[in-house]
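Enquirer: Could you have a look at this structure, given as C-alpha cells, before my questions?
The values are calculated or read from the model by the stated rules, or taken from the named source; none is laboratory data. As the structure is a computational prediction, the values presented were derived from the model and not from experiment. Using ideal geometry, Cβ is built from the backbone for each residue, glycine included, and neighbour counts are taken over all protein chains shown.
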Amino acid sequence: MASPNHFDYIIIGNGLAGLQLSLQLSKDPFFDNKQIALIDKSNKDVNDKTWCFWEKGSGKWDDIIYKNWKNANFYSSKKTLELTLNPYNYKMIRSIDFYKKTKEELSQKNNFHFIINDVLKVTENELVTVTTKNISYTASHVFDSRINSNYFVEKDNYTRINQHFKGWIINTETDEFNPDVFTMMDYRLKDGDQTTFMYVLPFSNKKALIEFTYFTPNIVENKRYDCFLKQYISEKLKIEKYTILEIETGNIPMTNFPFHKYSTKQITKIGTAGGWVKGSTGYSFKHTEKKVELIIKNLKLNQNPSKGLINKKHTFYDAVFLKVLRDENDRGEWIFEQFYSKNSIETMFKFLDEASSLTEEIKIMSSLFSFSFIKAFFKTLRF
C-alpha cells in the first residue's frame, strides 16, 4: 500500500507557475492517475499582485480578465507616442481571481492535494524528500518555485536589476481617466538619472492603478515611492481629490542569472526560480504558459521536464540589455523611446514573446544601435 505522504509530483509554491502547472496537469487525462500535492504556507486568499500580458484575440484566461486595452500611450521627456495595439489586446488579471479559479477547478479533482505548510528543505535520493515544519513528504519528481540561495550571494558576473514598484489604486470624485487607453511608460517624472517611470492602468473614468516603477540595481525607502506618486497625481494628472483604495508593491528580478542550472533529473525549478521571468522586462504570465505547455509535453514523452525550457538566443539578448541598464542606468528612457518609436507593435511584442524572426531581431537591434549596446554586446559575448 502506498504511503499517504508519497506523491508522484509535488509542486512547491502556489503562485503563478505552480498553479498554472497544476491546472494544465489536471486538464490532461494522461495525469489522471497521478497523485499530485501542492505545498504552500499561504492559502492564497488575498489579492497580492496584478498580472498583465498581451495576446491576439481571445485566450484561455478571458473568463477572469479584469480589464483589457487596445490602445496605450508612451511618454518620454521629449515626445508622446500613441500606440494602437491591434491585433493585440493588453490584458490584466487580479491575482485573487486567478487563485480562486485555479483552486476551484483543482478542488474538483480527487488526485490533487493542497497542503498548507512551510517547506524547510528538499533532498534527493532514490526519491525526493520534501521536509516541512512538522512532516516529510516524498515524490518521484518535485517542481520547486523557491529561488536558490546563490542568487542572493551576488559574488559572480551576472547582472541583477530590481524592477521594484509601488502602486495605488485610486478613486476620484470626478471623471479623470480614459478607460480605453493605458500608459505603458511615462518618463516625465523621474528619480534623478535612473530608469524610473510611471505606469497607469485606468479601470473606469474614476478608478485607476497608478504605479511608480524603478529598473535599478538598488532599492529605495517606501516613502520615496509615495513622494513620486503624490507628485505625479497632482502635477501630471492634475487630480486634487482622490481616495486610495488598495496598495500594491513588488520587486521582480531582472537578471541573466542561470536559475535553470539548479534543475536536476528529479527537481525542476519553476517560475522566477526557473528563470521564467523575462529578463529584460519582468513579464512572466505568458512565458509561464509556454513553459508549462513544454513541461507537460516532456512528461508525456518521459523526458526531463526541464528540457528545452530556456531560449539561449533570447537569454543572450536579455543579458546585453541588462548590462546596458546596469552600467548606464540613465539610458533607460532613451532605450525604451527608441524601442517604441522605431518598431511596430507586432515586431516588438513578437520579440518580447521570443517568437521573432532573425529579420525582426535585426530590426529591433538596429533601432537600439549605440556605443552602449556595442560595448555590452562584446562584454556579454566574452562572458
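Enquirer: May I ask you to list pairs of residues, at least six apart or on different chains, whose Cβ atoms are under 6 Å apart, with the first in segment 229-244 being farther than 14 Å from Arg188 by Cα and at pLDDT 95 or above and the second being in a strand (DSSP E or B) and not aliphatic (A, V, I, L, M)?
Expert: Ile239/Thr172; Tyr242/Thr172; Thr243/Asn171; Ile244/Trp168
Enquirer: If you don't mind, another one. Would you tally the residues in segment 142-155 being of a type in the set (D, E, K, R), part of a loop (DSSP other than H, G, I, E, B) and in contact with a helix residue (DSSP H, G or I) (Cβ under 8 Å, 6 or more places away or on another chain)?
Expert: Counting residues in segment 142-155 that are of a type in the set (D, E, K, R), part of a loop (DSSP other than H, G, I, E, B) and in contact with a helix residue (DSSP H, G or I) (Cβ under 8 Å, 6 or more places away or on another chain) gives 1.
Enquirer: When you scan segment 100-120, do you find a residue that is under 29 Å from Ile247 (Cβ atoms), at pLDDT below 95 and surrounded by 20 or more Cβ atoms within 10 Å (Cβ to Cβ), even just one?
Expert: Scanning segment 100-120, I find no residue that is under 29 Å from Ile247 (Cβ atoms), at pLDDT below 95 and surrounded by 20 or more Cβ atoms within 10 Å (Cβ to Cβ), so the answer is no.
Enquirer: If you take the residues of segment 166-183 that are buried (at least 21 other Cβ atoms within 10 Å of the Cβ) and among the hydrophobic types (A, V, I, L, M, F, W, C), which of them is farthest from Val277 (Cα to Cα)?
Expert: Residue satisfying both the conditions and the ranking: Phe177.
Enquirer: Something else now. Please go through segment 297-309 and give me each residue that is surrounded by fewer than 18 Cβ atoms within 10 Å (Cβ to Cβ) and either of a type outside the set (D, E, K, R) or over 12 Å from His260 (Cα atoms) (or both), ordered by number.
Expert: Correct list: Lys297, Asn298, Lys300, Leu301, Asn302, Gln303, Asn304, Gly308.
Enquirer: If Tyr225 meets every condition in (1) of a type outside the set (Val, Ile, Thr); (2) free of Cβ contacts under 8 Å to residues at least 12 places away in the same chain; (3) within 30 Å of Thr174 (Cα to Cα) apart from one, which number is that one?
Expert: The single condition Tyr225 does not satisfy is (2).
Enquirer: Then there's this: Which numbered condition trips up Tyr283, out of (1) surrounded by 16 or more Cβ atoms within 10 Å (Cβ to Cβ); (2) not assigned by TED's automatic domain parsing to the domain that holds Gln20?
Expert: Here Tyr283 clears every test but (2).
Enquirer: Quick one: Phe212 ticks every box in (1) under 17 Å from the mean Cα position of the chain (by Cα); (2) farther than 30 Å from Lys78 by Cβ except a single one, so which number is it?
Expert: Every condition holds for Phe212 apart from (2).
Enquirer: Out of the residues in segment 341-382 that are within 29 Å of Leu309 (Cβ to Cβ), in contact with a Leu (Cβ under 9 Å, 6 or more places away or on another chain) and modelled with pLDDT of 90 or more, state the one that is surrounded by the fewest Cβ atoms within 10 Å (Cβ to Cβ).
Expert: Restricting to residues being within 29 Å of Leu309 (Cβ to Cβ), in contact with a Leu (Cβ under 9 Å, 6 or more places away or on another chain) and modelled with pLDDT of 90 or more, the top hit is Ile345.
Enquirer: Need pairs with beta-carbon distance below 8 Å; first residue on the phi > 0 side of the Ramachandran plot and within segment 151-175, second buried (at least 16 other Cβ atoms within 10 Å of the Cβ) and among the basic types (Lys, Arg); sequence gap 6+ or separate chains.
Expert: Within 8 Å, the pairs are Glu154/Arg160.
Enquirer: For segment 184-202, which residues satisfy the criterion of being crowded, with 21+ Cβ neighbours inside 10 Å and either part of a loop (DSSP other than H, G, I, E, B) or not assigned by TED's automatic domain parsing to the domain that holds Asn73 (or both)?
Expert: Thr195
Enquirer: In segment 236-260, which residues are part of a loop (DSSP other than H, G, I, E, B), of a type outside the set (A, V, I, L, M, F, W, C) and under 26 Å from Ile219 (Cα atoms)?
Expert: Of everything in segment 236-260, those that are part of a loop (DSSP other than H, G, I, E, B), of a type outside the set (A, V, I, L, M, F, W, C) and under 26 Å from Ile219 (Cα atoms) turn out to be Lys236, Asn256, Pro258.
Enquirer: Going residue by residue through segment 14-24, is there one that turns out to be surrounded by fewer than 20 Cβ atoms within 10 Å (Cβ to Cβ), within 24 Å of Thr123 (Cα to Cα) and in the same structural domain as Arg146 (by TED's automatic domain parsing)?
Expert: Within segment 14-24 (the criterion being surrounded by fewer than 20 Cβ atoms within 10 Å (Cβ to Cβ), within 24 Å of Thr123 (Cα to Cα) and in the same structural domain as Arg146 (by TED's automatic domain parsing)), the answer is no, since none of the residues qualifies.
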